[in-house]
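*Asks:* Before I ask anything, here is the structure I am working with.
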Amino acid sequence: MTTFAEFGLAEAITRALTEEKYVTPTPIQAQTIPLAMTGGDIIGIAQTGTGKTAAFALPILNRLAANPVRPERKTCRVLVLSPTRELSGQILDSFRAYGRHLRLQTALAIGGVPMGRQVRDLMNGLDILVATPGRLLDLVQQNALKLSGVEVLVLDEADRMLDMGFIHDIRKIVAKTPSQRQTLMFSATMPKEIAELAAHMLKSPQKVAVTPEATTVERIDQRVIHLDQAAKPDVLSDILKTEKVNRALVFTRTKHGADKVVRALQKSGIAAEAIHGNKSQNQRERVLAAFREGKIRTLIATDIAARGIDVDGVSHVINYDLPNIPESYVHRIGRTARAGADGIAISFCSRDEAPFLRDIERLIKLTIPSTDQRTDRRPGTATTQPAGRQNTRHADANGQRAGKGRRRSTRPPYPGNGQNRPQQAHGHGQARGNGHTEPRSPSNPDQIASVGFMRPPARERTKSPADAGGASR
Ligand code: AMP
């Protein structure tokens, strides 16, 4: 399926998708939606960021649209279980966005907030209830909810629910739902317990899977540059001007951010185009063709827009913004090193993004070397100082800064030949620094700051992404 129109979803749903600027189904959506629309059970192997929420939400909404009966009091027609409050909130937001033209009663039942409101929400019955398992059971035990009216049961991030100790709660919940239900289960991995749970609660399920691209990580030279947010545009243009870039894919977190980067690059004389959800299909195709043919060397993309990008010869992936979903990092850098080639992935990390970096390193089980230099400088190009706080000190004619023995050149250029590949992270969670291409001199603690980059203070590095507002979409 290459468009949402081909699924035969209700018009009210496709209209909402157009408003959301969804054009092409992601692979998990293309596989799941037609199967789920037949009413059968599905087990899906997919991670967050693959579009799995719409993969189950759209067929469910379609089912409700086709049979708009009033739910009975204290029941729900669709029950979605998810491991965390944040994820539950995001799932409900998605149902509401895609179902905005349907008249549906929806609510959230999560822990950590008073129950009264949730009990009231349930009173008149709901079409869709998204819940964390513990709170859901509490509501059932208090007779605020009966599960006898559940037509569709979704278990999202089943493996995470297992890790969080919810498996017994889930078994209890499932036992209270009618056996004549449709069950959709999604999990990023399939440990034995989840396979057993699936065997117990799904009937002849169809299996859908999107293969993770994690296998390429080791082949890619990865580096991180710690810098001020404000320095990013100049450092990017410096990299693009001085490195041997064949094709560069630059990732930003937002569409707006992508457009801003294009403008900044154009100002410094670098041709670049953006591809994201606000661009028409025609524009996207034109830009992609130009990138493929080498007419544009630099493409700025958001994660979702990059999904369909299937271009060989991307020498550099640059994370202008670090993704708040660590799996997205793996997907992004997998755009280089395609077809067995090696590639370079450079990540900018501002102070606010330090928690995201920590999560990424935990996921890939590597410490990404930190560097302030770039590889493969073209002959004749100066070893320019990256921007940022460049003008806070005077540089001499050789680009060396005056001052107390600041030796920017003590850091060897990243060789780009694999020597400085990311190292296995030992003792993860400790203060980073073992991944540097060279130990920082204790006598010169602000060595990095001297070239315009700022490492976040240790305090910042222990902040969770949730603290940094990373949980929201
Ligand atoms: P999920 O994996 O469900 O958390 O989705 C990740 C992000 O992708 C969410 O922000 C969705 O709104 C967005 N998204 C999902 N499917 C599509 C699509 N087909 N086109 C554009 N964006 C999408």
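What follows is calculated from the coordinates using simple rules that are stated; it is not laboratory data. What you see is a predicted model, and the numbers here were worked out from it, not measured in a lab. Every residue, glycine as well, gets a Cβ built from its backbone with ideal geometry; the counts of neighbours run over all protein chains shown.
*Asks:* Using only the Cα atoms of the range 4-209, build the gyration tensor, take square roots of its eigenvalues as a ≥ b ≥ c, and label the shape rounded, prolate or oblate: rounded if a/c is under 1.5, else prolate if a/b is larger than b/c, else oblate. Please list the in-between numbers first.
*Replies:* Numbers: a/c = 1.55, a/b = 1.14, b/c = 1.37.
The shape class here is oblate.
*Asks:* If each of Ser204 and Ala230 carries a label point 7 Å out from its Cα toward its Cβ, how far apart are those two points in nm?
*Replies:* Each label point is offset 7 Å from its Cα along the Cβ direction, giving 6.5 nm.
*Asks:* Hey, another quick one. Sort Lys244, Lys260 by Cβ crowding within 10 Å, fewest neighbours at the top. Display every interim value, and only then the final one.
*Replies:* Numbers: Lys244 13, Lys260 17.
Fewest-to-most Cβ neighbours within 10 Å comes out as Lys244, Lys260.
*Asks:* Size of the dipole of the range 4-209 about the Cα centre, Lys and Arg at +1 and Asp and Glu at -1 on the beta carbon, nothing else charged, in debye to 20?
*Replies:* On the way: 24 positive and 19 negative charges, 124 e Å.
Using only the charged Cβ atoms, the result is roughly 600 debye.
*Asks:* So, one more: Out of Ile360, Ala301, Asn278, whose Cα points farthest toward the positive end of the dipole of the range 220-371 (charges: +1 Lys, Arg; -1 Asp, Glu; placed on Cβ)?
*Replies:* Result: Asn278.
*Asks:* Between Ala97 and Arg219, how high is the FRET efficiency from 1/(1 + (r/R0)^6) when r is the Cβ-Cβ distance and R₀ = 41 Å? Nearest 0.05.
*Replies:* With a Förster radius of 41 Å, E is 0.60.
*Asks:* Determine, for His101, His331, the number of other Cβ atoms within 10 Å of each Cβ, and report the residues in order from fewest to most.
*Replies:* Fewest to most other Cβ atoms nearby, the residues stand as His101, His331.
*Asks:* Taking neighbour Cβ counts within 10 Å as the exposure measure, how do Lys203, Lys232, Lys192 sort from fewest upward? Can you show the working numbers first?
*Replies:* Working: Lys203 11, Lys232 24, Lys192 8.
Listing Lys203, Lys232, Lys192 from fewest to most nearby Cβ atoms yields Lys192, Lys203, Lys232.
*Asks:* Residues with amide H under 5 Å of Gln182's amide H, sequence separation 5 or more or different chain, H placed in the peptide plane at 1.01 Å from N; which?
*Replies:* Correct list: Val152, Leu153.
*Asks:* What does the extension gain come out to for Ala289 and Thr254, with contour length at 0.36 nm per residue minus their alpha carbon separation? Walk me through the numbers on the way to the answer.
*Replies:* Numbers: separation 35, 0.36 × 35 = 12.60 nm, distance 2.23 nm.
That works out to 10.4 nm of additional length.
*Asks:* Here's something else I'd like to know. Using alpha-carbon pairs under 8 Å, 6+ residues apart, how would you state the relative contact order of the range 1-75 in percent? Walk me through the intermediate numbers first.
*Replies:* Working: 58 pairs, mean separation 25.4, N = 75.
Relative contact order of the range 1-75: 34 percent.
*Asks:* Once R0 is set to 30 Å, what does the formula 1/(1 + (r/R0)^6) return for the Cβ-Cβ distance between Met190 and Ala5, expressed as a FRET efficiency to the nearest 0.05?
*Replies:* On the way: r = 33 Å, r/R0 = 1.09.
The pair Met190/Ala5 has a calculated efficiency of 0.40.
*Asks:* On to the next question. Using only Cα atoms, locate the centre of the range 234-292 and the centre of the range 35-69, then give the distance between them in Å, rounded to an integer.
*Replies:* Using only Cα atoms to place each centre, the spacing works out to 34 Å.
*Asks:* Okay, moving on. Between Glu72 and Asn143, what is 0.36 nm times their sequence separation minus the Cα-Cα distance? Round to one decimal in nm. Intermediate values should be presented prior to the final figure.
*Replies:* Details: separation 71, 0.36 × 71 = 25.56 nm, distance 1.40 nm.
Full-extension gain reported as 24.2 nm.
*Asks:* Can you figure out the FRET efficiency of Ser280 with Val119, using R₀ = 45 Å and their beta-carbon distance, to the nearest 0.05?
*Replies:* 0.45
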